[in-house]
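In what follows, a structure is listed as structure tokens, so that the remarks can point back to it.
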Amino acid sequence: MRRPHIRSLAVAVAVTTTATGLAGTALAAPASGTGAGTASTSPASVVGAAVAVAFAHASATGLAPGDELHARDVLIDPEGARHVRFVRTHRGMPVLGGDLVVHLTRNLTYAGVTRAADHTVKTVATARLTARQAEQKAAAVGKGDAGGARLVVDARDGSSTLAYQVRVSDSDTTESGGSRTVVIDAVTGSVRSNAVDQDEFLSPRLLDTLRRRGETISPAVGTAPRSASSIVGSSIAGASASAVSSAAVTAGRYPATAFGTGASLFVGKVPLVTTRTAATTYVLKDPSRWGTETRDAKGAELEVFGQGKQFTTTNDSWGNGAVSSRTTAAVDAQYGITKTLDFYKKTFGRKGIENNSKGARAMVHFGNKVGNAFWDPYCDCMLYGDGDGTFFKKPLVVLDVTGHELTHGVVDATAALEPTRYDDLGNQYGEPGSLNESLADVFGSNVEFSANNANNPPNYLIGEKLGLSQKFLRRLDKPSLDTLEGTIDYWSPAVYDTEVHAGSGVSSHAYYLLAEGSGKKTIGSVTYDSPTYDGLPVTGIGRTKATAIYYRALTRYMVSTTDFHDARVATLKAAKDLYGADSTEYKTVDRSWAAVNVTAANTPAARN
């Protein structure tokens, strides 16, 4: 997700699979003589040790007088390594592009750093623009209502520039009237960046291509009912779902966990865990998944989840399988969100999108004739439009779309990968943004495999249910088969300034080759034929191992500026952690990147 600012200094700290609160996370250089202490696994001890070694190794970490570090994540690996992800302030001002991950040994000694900016942030000039002037300029370029300007240090692109950051809401530059984040140079008044905050599943460029071709998006529904046994709710603590629910109701305790069914647009009938708030009142809110909930935006362009209307019913039966019921789209959204949460939890032990044991949220029926779906960082939720009625005829609540968009939330909570530039229409460019889109496709595809729903068979295709003439939107085995977005198979220097959905093919292709290998094969009902840049074969290591490597690379070794060559290094480090430097897995990671023309030998000079 594209959020180039520090959201909060309150931090959800993850220790392996446990989210632990951490107080007092703003830390400056330690007092003289302070060093890493004993090998403790408490989050505060690990953070303290990471701060100490970060300042002690300032030449490597790029820290300078006036810097403070603010912990976002602490990860303690089973083999003993510790990783602390920090954002930075300089003389009290947030540093854009100042994020870094400090790596520690089991004994809390320095083991390395992964940093977004490769230069030291210097003391910056005095502002010549006032905050009011910056707000006025931001409102003009963002074509909306400017909020308050705040001073930041923009350390992106190799600079240390004093700037104002302004959020512009109700922007006329976006399809949904969403918000933009505008960064204005505080000395010259120039616009340093003008970023759309919402991550749109369908890019402005793609929508324009569809309109020019006269092609519509009309997702194919699949309402075949599931077997009765598959609709029964899961058990809790060894008791049947109905027994647990009945016991709570008999005791007169509300709210109580309940188990209903939903008739969806795309996957037939599905089980839904809901909340019973009275004898005949149920809310579409899942207490077994930290209160995950879907609400109705009622046609408004809401970015405040609490303003959405709750979905309720009297009989715990939801939707009718058609758009004639407003609840039907909510069934698909809630199902997709819970399946995404289940994938991340059972595969990685991740408790929620931000790994903080908080539920995910969504609003359907967002806006008037909005033909898209979004991950919105300010709402911290998914938003689904109903379609524009012309080119996009149904709500985009398809399973892999939800998995894709919620993964942007996971990326936002970890590496926070950002595009390098944006155009006036909201299209995004640059390798870090392309990598973000690729990871969303990779893990969105894995959500399908995890759900394994017969009405939505898992595959390495993205958007195969959208009704497009090419039968999918993107695919991982041979990305260039996507002619709508012009997705590419291999890296070249031109990729650095490629639209992010088109550029995503490089790392998506590398992932597929790592998981499944090159050449022709049939998996499920889909035939794949994955080529390589050098014509040499790749033998895959399996989806489970490939996915573990990419997730570990994302959470430990990627930062906001990670490009494809950095991603190669990150996945090699992850493979070494998990399987060893002499392992087949490590060697196949290296081979998979070479097969898409990403090698140590053709690594470009640093750009930031």
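The values are calculated or read from the model by the stated rules, or taken from the named source; none is laboratory data. Remember, predicted model here, so these are calculated numbers, not experimental data. So basically every Cβ, Gly included, is an ideal-geometry build from the backbone, and we count neighbours across all protein chains shown. Ligands, DNA and RNA are stripped out before the accessible areas are found, and what is left, the full protein with its side chains, is counted by its heavy atoms. Shrake-Rupley method; radii C 1.70, N 1.55, O 1.52, S 1.80 Å.
Of all lysines in the structure, the ones whose alpha carbon falls short of 30 Å from that of K143, not counting any fewer than 8 places away in one chain, are K298, K309, K369, K393, K394. Once the 1.4 Å probe is applied to the protein heavy atoms, the chain comes out at 36 Å² accessible per residue. Other residues lying with their Cβ under 11 Å from the Cβ of P395 contribute a combined charge of +1, Lys and Arg counting +1, Asp and Glu -1. Once you order the gyration tensor axes a ≥ b ≥ c over the Cα atoms, which shape class does the stretch 353-459 get: rounded for a/c under 1.5, otherwise prolate or oblate by comparing a/b with b/c? Rounded is the answer for the stretch 353-459, as its axis ratio a/c remains below 1.5.
If R0 is taken as 30 Å, the Cβ-Cβ distance between Y254 and N452 corresponds to a FRET efficiency of 0.30.
Label positions at I523 and K393, each projected 7 Å from the Cα along the C-beta direction, are separated by 3.1 nm. Which values of log₁₀ I(q)/I(0), to two decimal places, follow from the Debye formula for the chain at q = 0.09 Å⁻¹ with a uniform point scatterer at every Cα? Values returned for q = 0.09 Å⁻¹ are -0.71.
In the chain, the longest principal axis of the Cα atoms and the axis of helix 241-250 are about 80 degrees apart. For the stretch 528-608, what class follows from the C-alpha gyration tensor (a ≥ b ≥ c being the square roots of its eigenvalues): rounded when a/c is under 1.5, otherwise prolate if a/b is larger than b/c, else oblate? Oblate, since a/c reaches 1.5 and b/c is not below a/b. When each of the peptides 435-441, 534-540, 79-85 is scored by how many other beta carbons lie within 10 Å of its residues on average, the order from highest to lowest is 435-441, 79-85, 534-540. Taking a point 7 Å out from the Cα of R91 in the direction of its Cβ, the residues of the stretch 113-143 whose backbone N falls within less than 11 Å of it are 122-127.
Share of carbon and sulfur in the accessible area of the chain stands at 51%, probe radius 1.4 Å.
When all alpha carbon pairs of the stretch 288-361 are counted in 10 Å bins from zero, the resulting P(r) reads 18, 44, 31, 7 %. Taking all protein chains together and rolling a 1.4 Å probe, L151 ends up with roughly 70 Å² accessible.
Quick check: from the Cα gyration tensor, does the stretch 58-160 come out rounded (a/c under 1.5), prolate or oblate? The shape class here is prolate. Could you pull out the pairs from K345/K545; K345/K521; K545/K587; K351/K545; K351/K576; K345/K478 whose alpha carbons sit more than 22 Å apart here? The pairs that break the limit, which is 22 Å between Cα atoms, are K345/K521; K351/K576; K345/K478.
Considering only alpha-carbon pairs that sit under 8 angstrom and 6 or more positions apart, the relative contact order computed for the chain is 11 percent. Using a probe of 1.4 Å on the protein chains alone, the accessible area found for V323 is around 100 Å². Helical content of the chain, expressed as a calculated mean residue ellipticity at 222 nm, amounts to -8500 deg cm²/dmol (DSSP H runs of 4 or more residues, -39,500 (n - 2.57) each, divided by residue number, nearest 500).
Helix 505-516 versus the longest principal axis of the chain: what angle, 0 to 90°, nearest 10, using Cα atoms? It works out to around 70 degrees.
The stretch between K122 and T209 holds 26.9 nm of extra length on full extension. This uses 0.36 nm per residue minus the Cα-Cα distance.
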